[in-house]
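The values are calculated or read from the model by the stated rules, or taken from the named source; none is laboratory data. Remember, predicted model here, so these are calculated numbers, not experimental data. Here the Cβ positions follow ideal geometry from the backbone for every residue, glycine too, while neighbour counts run over all protein chains shown.
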Amino acid sequence: MSDAASPLPRILEVRTKILKKNDEIARAMRGRFEAQGVVVVNIVSSPGTGKTAFLEETLARLHARGIPVAAVVGDLETDNDARRLARSGVPVRQIMTHGLCHLEAEMVQAHLDGWDLSGLHYLFIENVGNLVCPTSWDLGESVRLAMLSVTEGEDKPLKYPGLFNTADLVAITKIDLASACEFDRDLAVANLEVVRPGIRVLETSAKTGQGIDEWLMELDGRRLRGR
């Protein structure tokens, strides 16, 4: 093997060790969440898909119903999203990754320190906007929600199959703009079927509220099944 090629096995070895440690922490966190009856949702999408608006509407509705809920928000440098979500009246904590393109289980674990999770029904994790990096990183979630905006195009699932293949649920966001964007809903769903056959797809709009009640019913159903 040439010197130029020799670093590759070392890189793979280090990555394997890092992922193994992450998975061990995630497994422990998942056990803790399940024991305390908390449904944890890891929201993953590209930047600009509408994660924060979707989560803001979700938190506000759950809080209005008196359901105990909290959120952890990942971002590269700012706490803008956390401050925005805190307006809903629920506990929110910010994780700044300082350039890292995904959240890791150890980061989430550290930012849950001191929180009494036993009283929560739901914990939402808003991941860093990226369609590649978060795919491999288990955060101990109950549900991985992948988002696809109508502004991104119908072929996104085919271009980034790793994310959609590991998702439990897909939300098509900004559906109120579908006509203006000439979004082909049937083609998008067909492409999702290719990548993840049988996956449940919700059509949502944080602006109009379309699909949000259906989303909350999905959460309630998953929590009841978990119990």
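Restricting the search to segment 48-69, which residues are outside any loop (DSSP other than H, G, I, E, B) and β-branched (Val, Ile, Thr)?
THR52, THR58, VAL69
Which numbered condition in (1) more than 19 Å from the chain's Cα centre (by Cα); (2) under 25 Å from VAL72 (Cα atoms) is the only one that GLU193 fails?
(2)
With respect to the numbered conditions (1) at pLDDT below 90; (2) exposed (fewer than 11 other Cβ atoms within 10 Å of the Cβ); (3) of a type in the set (Lys, Arg), which one is the sole condition not fulfilled by ARG15?
(2)
Residues that are farther than 21 Å from LEU192 by Cβ, at least 2 per element: which helices (runs of 4 or more DSSP H) completely within segment 79-167 meet that?
Of the helices (runs of 4 or more DSSP H) lying wholly inside segment 79-167, those with at least 2 residues that are farther than 21 Å from LEU192 by Cβ span 80-86, 105-111.
Considering only residues that are among the aliphatic types (A, V, I, L, M), surrounded by 19 or more Cβ atoms within 10 Å (Cβ to Cβ) and in a helix (DSSP H, G or I), which ones fall in segment 168-194?
ILE175, ALA188, LEU192
Here is a list of conditions, (1) closer than 18 Å to ALA206 by Cβ; (2) more than 17 Å from the chain's Cα centre (by Cα); (3) among the β-branched types (Val, Ile, Thr), and ILE67 meets all of them except one; can you say which number that is?
Going through (1) closer than 18 Å to ALA206 by Cβ; (2) more than 17 Å from the chain's Cα centre (by Cα); (3) among the β-branched types (Val, Ile, Thr) one by one, ILE67 breaks only (1).
Can you tell me which residues in segment 188-218 are in contact with a Gly (Cβ under 7 Å, 6 or more places away or on another chain) and not β-branched (Val, Ile, Thr)?
LEU202, GLU203, SER205, ALA206
I need the full set of residues from segment 208-227 which are in a loop (DSSP other than H, G, I, E, B) and modelled with pLDDT of 95 or more, in order please.
Correct list: THR208, GLY209, GLN210, GLY211.
Select from segment 165-182 the residues that are over 18 Å from PRO47 (Cβ atoms), within 23 Å of the chain's Cα centre (by Cα) and free of Cβ contacts under 8 Å to residues at least 40 places away in the same chain and list them in ascending order.
Selection gives ASN165, THR166, ASP168, ILE175, ASP176, ALA178.
Results for (1) at negative phi; (2) surrounded by 23 or more Cβ atoms within 10 Å (Cβ to Cβ); (3) out of contact with any Leu (no Cβ under 9 Å at 6 or more places or on another chain), shown as yes or no for each residue.
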{"position": "ASP79", "(1), (2), (3)": "yes, no, yes"}
{"position": "ARG83", "(1), (2), (3)": "yes, no, yes"}
{"position": "MET107", "(1), (2), (3)": "yes, no, no"}
{"position": "HIS111", "(1), (2), (3)": "yes, no, yes"}
{"position": "LEU117", "(1), (2), (3)": "yes, no, no"}
{"position": "ILE125", "(1), (2), (3)": "yes, yes, no"}
{"position": "LEU139", "(1), (2), (3)": "yes, yes, no"}
{"position": "ASP155", "(1), (2), (3)": "yes, no, no"}
{"position": "GLY162", "(1), (2), (3)": "yes, no, no"}
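I'm told VAL189 meets every condition in (1) more than 26 Å from CYS133 (Cβ to Cβ); (2) among the aliphatic types (A, V, I, L, M); (3) without any contact (Cβ under 8 Å) to a residue 24 or more places away in the chain except one. Can you identify the failing condition by its number?
The failed condition is (1).
Here's the yes/no breakdown for (1) under 14 Å from ARG32 (Cβ atoms); (2) modelled with pLDDT of 95 or more; (3) of a type in the set (A, V, I, L, M):
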position	(1), (2), (3)
ILE67	no, yes, yes
VAL72	no, yes, yes
SER88	no, no, no
TRP115	yes, no, no
LEU123	yes, yes, yes
VAL128	no, no, yes
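From the set of residues in segment 127-155 that are under 22 Å from ARG27 (Cβ atoms) and hydroxyl-bearing (Ser, Thr, Tyr), which is farthest from the chain's Cα centre (by Cα)?
SER136
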